[in-house]
Amino acid sequence: MIILFSSTITKAQDIAGTWEGKLEVQGMELPLKFHITKEGEAYTALMDSPSQGAFGLSMDEVTLQEDLVTMSYAQIGAKYAGKIDGETITGTFAQSGQEFPLVLNKVENKLPGNTSLPSSDEELSELASLDAGNYKYQVEDYFAKPKARSFQFSPNGKYLSYREKDDKGKNHVYVKNIDTEEITRAIEEKEELIRGYGWANETRLIYVMDKGGNENYHLFAADLDGTNEKELTPYDGVQVSILNELKEDRDHLIVSMNKNNAQVFEPFKININTGELEQLYKNEDVQNPIMGYIFDKDGKLRGFSKLRDGVNMDMYYAVDGTNYKLLKQTSWKDTFSPKFTYSSENPHEAYVVSNLDSDKTEVVLYDLKENKVLKTLFTNENYDISGISQSRNRNYELDFYTYEGQKQEIVPVSEYYKKLHARITDRFPGKNYSVADRTDDESKYLIFVQGDRLYGEYYSYEPVEGTFQLVYNLMPQLKEADMAEMKPITFKSRDGVTIHGYITLPQEAIDGKKVPVIVNPHGGPQGIRDSWGFNPEAQLFASRGYATLQVNFRISGGYGKEFLESGFKQIGRKAMDDVEDGLQYVIDQEWVDKDKAAIYGGSHGGYAVLRGLTKTPDLYACGVDYVGVSNLFTFMTTIPAYWKPYETILKEIWYDENVPEEKVIMEEVSPVFHIDKIKKPLLVVQGANDPRVNIDESDQIVSSLREKGVDVPYMVKYDEGHGFAKEENSIELYKVMMGFFAKHLKEEGPAPEFKG
C-alpha cells in the first residue's frame, strides 16, 4: 500500500521518475532503485533493493525543498538526503548509525534485465509446435494445477477446507461444512498467488503471499466465511514464517520475521485477529545470530541455537525455564533436533534426531538438563532418520519414525499406530502414504496416497468404522496404467563411491529400444535429494519417448554426514562427475542412446546444465537451463540479506574466492568464463524477479552464446521469481521445452531459427 505524504516545494524542479545508484558496503556493491511519483503537490516513492530480494518498499516520506531531496524509511531506520542537479542526485544514505555516499542517476523506468534478449512469443510458440505427435496426454494434463487440492480438516473435524481453481486459473480457498455440505469461499486469490494456507483455529484461517515471486512472504488471516480478512504482517521487505501453531492458545501463533534487521530473524507472538505483536526474544548479534528457536507446546522459549564464527553452532537451554545457558557446541554440519516428550515426568526429556555420535542421523532419548543420551531408540545403517511423530491426543505418545531409502519408509512404534499403519498399507500396497491431516481427537484422518504412477489421492479414514472413503483424486485424467515406472538404481562412481538415483523409462525402452535420455540434476544442492514417487516431468518426458535420469550425487541429503560432506567444494567437479557416471551407467545397461542425451535442471540443476555443457561439451546433445547460476562470483555477492549470516557456510559448501586456490576453481567451474566451450543448443528460462539468481546471470549467457552463433531460445517471465509458480507460465515452459527436445533429440522436420 502506498501512503501519500505532502512535501514542500519551493523551486520549480521535478524529481518524479526512476533513479538508480549503488551503495559501497564492506567492499560490495548494493544496487538501489527509487521510483518517485508525483500526485498534486505530493511525492511518493518505492524503493527496490534487488540484491536483497526486496521490491516496491514504500518510503514513509519524500520531500523536495529547493534542491534538497530527502527520503526516509522508518521500518529499517534508513534515510537518504541529497542535492539534485539536473538528472543526478548526490547525497548520503544513512542506516543504523552508518553513512554511505550514494549518487542517484535518473534512468528510464524499464523491466529488469536486457529486454531485447528474450525470444518473442511467436518464436517460442513456433518452437513449442515441434512437439507434434499423436500423444494421449498433453502438457496441461501433467502441469495444470488440480481442480482442487490442499485438503485439510478443521481442528474439530466439522469443516473440510481445500483450494479450488476457477476458470481464470485462480486457486481460492473454500470451506465445506461436512454435516450440511454447505460450501463457502473463505479466501479469494487475486493478482498475487496464495503460497500456502492452514487452520489457525476452528473459526479462522491463515495464509501467506509474496509479491511477484520475491519470497518476502506476508501473513494474512480471514474467518472461515471470508469476513474479517486482515494482513497481519504489513511490513515491506520482511519475510515471515510460522514457528509454532500454539494449539493451546487459539488466538495466537509464534512467527519468525526479519522485521528489525533484514539479516536476522526474531520470534514474535502474533494475534491472528488483530496482528498485534509481542517480541519474544531479541536476535541482536548480526555476526553471531540465533538461527533456530526451540519452543514448547505452550509457546515458551526453552532454547535456541546460535551461529558462532559463521560455521559453528552453540545451543542454549533454559534449565530453570528463564536463564539460557550454553548446553552444547556443534558444527553447522551436525544435526541435533529435539522434540519434548511431554509424556515423561521429566520436563527436560526429549526425543532428539541427532548425528553427533554417528554418521547417519538417529533417534535418541535425551535429557537436556543433564546433557546426556539416555538411550538410542532407532537407527538405520544406510540412511538418515528424517523424523518422528507424536500424538497430542494420546498424551504425546510416540507413534512412528520415518526415513527415506529407495522409497519413503514409516516405522510404527505405538500399538495404536501399528494397527493404523497395517490398515493403510494393506489397503494401498506398493504406495507411499502420509497422514495429511487428522482432527484433534483423532476421530478422522486424511490420508494422502501416492506412487510412481499415481499423482495423488486423498482418502478419509475413521478408525471406529475402519473404512476408507475417497475424498479427491488430484489428477483423474492420468491413468496409472499409462504412466511409466520410476526405478531405483545404484552404481559406483569413477572413484569408487556408491551413488543412488532413479531412472524412468518410456515404453519404447521397455520394449528394447535405446531411447533419448534427459539427465535431470536436482537443485539445492546440499542436503537435497531426488525421491521415488510421481514426477510429472519424468512422466511427461516418458510420454514423448524420453527416459529421465535423476542422480543423488555426493552432497545430496539422506545418506549420512560423510556422503553429504564429500560433496563440499566439489560442486561442478566430483558432484558433476557423479552425474556423468550415472549417465554412463544407464548407457551401459543399453537403456538409452548415448548420442541423444539432454541435460535439464533448475537452480543448482540449471547451473549443472551450464557446467555440463562446458565441462563435457560433447556429452550432451542439448540443454535446458532453468533459473541457473552461471557465475559463482556474482552469485555469492548478490545473495539476499537474510542469507548473509550463512555466507561463511555457503563458502564452505561452495567456494571462497578469498582463498587463492579456490578462486582458481571458481573460475574453472563458472560457466560464464567458458562460454566458448558451449557448442550445443541451449534453452534458457528465467524469472525476472528472482532474488537468488539475478536475471543478469542468464542475460550474459544468452548474449555471449548468440554472439558465437549458438541456438539459444530465451524465455523470461516478468511476473515470476526463482521458478515459475503461475500455472499459465509453467505450462508454456513445458510446451516450449518439449518442442526444444523434439528439435534436438528427434529427427523431425525443419526447425525454426531464433534471433541472434
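The values are calculated or read from the model by the stated rules, or taken from the named source; none is laboratory data. A quick note: this is a predicted structure, and the numbers were derived from the prediction, not measured. Positions of Cβ are generated from backbone atoms using ideal geometry, with glycine treated the same way; all protein chains shown enter the neighbour counts. The protein model used for the area step is the full one, side chains on, heavy atoms only, and it has no ligands, DNA or RNA in it. Shrake-Rupley method; radii C 1.70, N 1.55, O 1.52, S 1.80 Å.
Taking amide H positions as modeled 1.01 Å from N, with prolines and chain starts lacking one, the residues under 5 Å from residue 593 and 5 or more places away or on another chain are 515, 517.
Here the spin labels are modelled as points 7 Å beyond Cα on the Cα-Cβ line, and at residue 66 and residue 298 they lie 6.3 nm apart. Its Cα centre serving as origin, the chain has a Cβ charge dipole (Lys and Arg +1, Asp and Glu -1) of approximately 1140 debye. In the assembled protein chains, residue 505 presents an accessible area of approximately 20 Å² (probe radius 1.4 Å). Ligands, DNA and RNA aside, residue 342 has an accessible area near 70 Å² when probed at 1.4 Å. The residues of the chain expose on average 43 square angstrom of accessible surface per residue, using a 1.4 Å probe on protein heavy atoms. With Rh defined as the Kirkwood radius, the inverse of the mean 1/r over Cα pairs, the Rg/Rh of region 277-353 is 0.97.
Please identify the trypsin sites (Lys or Arg not before Pro) of region 423-507 that satisfy two criteria: DSSP loop assignment and at most 16 other Cβ atoms within 10 Å. Which are they? Intermediate results must be reported in sequence, preceding the final value.
On the way: sites: 423, 427, 431, 438, 444, 453, 479, 492, 494; in loops: 431, 444, 453, 479, 494.
Qualifying residues, ordered by number: 479, 494.
Computed from the alpha carbon positions, the gyration tensor of region 398-460 leads to an equivalent ellipsoid with semi-axes of 19, 15, 10 Å, biggest first. For percent of Cα pairs over 49 Å apart, which listed value, [x] 62; [y] 34; [z] 18, comes from the coordinates shown? Correct label is [z]. For region 442-458, 3J(HN,Hα) computed residue by residue from phi via the Karplus equation (6.51, -1.76, 1.60; θ = phi - 60°) reads 6, 7, 9, 10, 10, 9, 9, 10, 8, x, 5, 10, 10, 4, x, 9, 9 Hz, glycine and proline entered as x. With one equal scatterer per alpha carbon and no solvent term, the Debye-computed log10 I(q)/I(0) for region 302-433 at 0.20 1/Å reads -1.21.
Placing unit charges on each Cβ (+1 for Lys and Arg, -1 for Asp and Glu) gives the chain a dipole about its Cα centre, and among 152, 81, 220 the Cα reaching farthest toward its positive end belongs to 152. Computed in the context of the full set of protein chains, the accessible area of the chain at 1.4 Å probe radius has 45% of its extent on carbon or sulfur.
For residue 514, what charge total do you get from the other residues with a beta carbon under 14 Å from its beta carbon, if Lys and Arg give +1 and Asp and Glu give -1? Intermediate values should be presented prior to the final figure.
Numbers: positive: 513, 594, 596, 746; negative: 508, 511, 588, 590, 593, 595.
Value of the local net charge: -2.
Using just its DSSP H runs of length 4 or more, each adding -39500 (n - 2.57), the chain gives a mean residue ellipticity at 222 nm of -5000 deg cm²/dmol after division by all residues.
When the charge dipole of the chain is built from unit charges on Cβ atoms (+1 for Lys and Arg, -1 for Asp and Glu) and taken about the Cα centre, the candidate among 687, 571, 631 whose Cα reaches farthest toward its positive end is 571.
Can you give the relative contact order of region 238-394 as a percent, counting alpha carbon pairs under 8 Å and 6+ residues apart?
Working: 316 pairs, mean separation 16.2, N = 157.
This gives 10 percent for region 238-394.
Over region 603-651, the fraction of Cα-Cα pairs per 10 Å bin, rounded to whole percents and listed from the shortest bin up, is 25, 43, 24, 9, 0. Take residue 305: with every protein chain present and a 1.4 Å probe, its accessible area is about 30 Å². Once backbone amide H atoms are built at 1.01 Å from N, residue 211 has 216 as its partners under 5 Å, excluding neighbours fewer than 5 places away on the same chain.
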